[in-house]
Amino acid sequence: MPKILLVEDNEMNRDMLSRRLKKRGFEVEIAVDGIAGAEAGLTGEHDLILLDMSLPGLTGWEVAQKLKAHANVAGIPIIALTAHAMESDRQKALEAGCDEFETKPVDLKALLAKMNTLLGLEAAE
């Protein structure tokens with residue numbers, strides 16, 4: 001069962017997404033701000049990180065840069081989650097080290113497809 005780190009400060013988004021992922025067999029750890037997300041991410045205990053870009057403490061862009069700078073966790077895929085849907089926002093997230101980008105509100109089917117690809121799993125049903 002893949003272990004996901006969900007870094008999201010909005011309680012409603014966090015609860016909805018974590019429940020939907022758990023229902024599909026993922027183990028989900030939650031961090032509610034950028035500082036906690038960076039600390040949890042640096043443990044290397046996760047198979048994938050879902051990272052909100054607009055976080056208190058450290059932004060998602062700062063968290064991604066921090067994680068990708070550490071060799072022991074640099075290979076863990078990060079999917080940026082953001083309400084900012086401009087191509088420049090996508091490019092900024094990829095330049096910060098995110099491997100994929102998903103806009104909010106999250107399209108669960110699209111997100112699961114990206115997660116499965118990055119985790120090397122079979123396609124979501």
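Does the range 62-83 contain at least one residue that is polar (S, T, N, Q) and assigned to a helix (DSSP H, G or I)?
yes
Picking from Ala96, Ala74, which residue would you name as being touching a residue at least 24 places away in the same chain (Cβ under 8 Å) and more than 10 Å from the chain's Cα centre (by Cα)?
Of Ala96, Ala74, the one residue that is touching a residue at least 24 places away in the same chain (Cβ under 8 Å) and more than 10 Å from the chain's Cα centre (by Cα) is Ala96.
Table: residues versus (1) under 18 Å from Lys104 (Cβ atoms); (2) surrounded by 15 or more Cβ atoms within 10 Å (Cβ to Cβ); (3) out of contact with any His (no Cβ under 6 Å at 6 or more places or on another chain).
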residue	(1), (2), (3)
Glu8	yes, yes, yes
Met16	yes, yes, yes
Arg19	yes, no, yes
Glu27	no, no, yes
Asp33	yes, yes, yes
Ala38	no, yes, yes
Thr43	no, no, yes
Asp47	no, yes, yes
Leu50	yes, yes, yes
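Limited to the range 77-93, what total is found for residues that are within 16 Å of Glu8 (Cβ to Cβ), more than 12 Å from the chain's Cα centre (by Cα) and buried (at least 18 other Cβ atoms within 10 Å of the Cβ)?
Residues flagged as within 16 Å of Glu8 (Cβ to Cβ), more than 12 Å from the chain's Cα centre (by Cα) and buried (at least 18 other Cβ atoms within 10 Å of the Cβ) within the range 77-93 amount to 0.
Every read-out reported here was derived from the displayed coordinates using simple, explicitly stated rules and does not represent laboratory data. Quick caveat: nothing in here was measured; it's all calculated off a predicted structure. Positions of Cβ are backbone-derived with ideal geometry, glycine not excepted, and every protein chain shown enters the neighbour counts.
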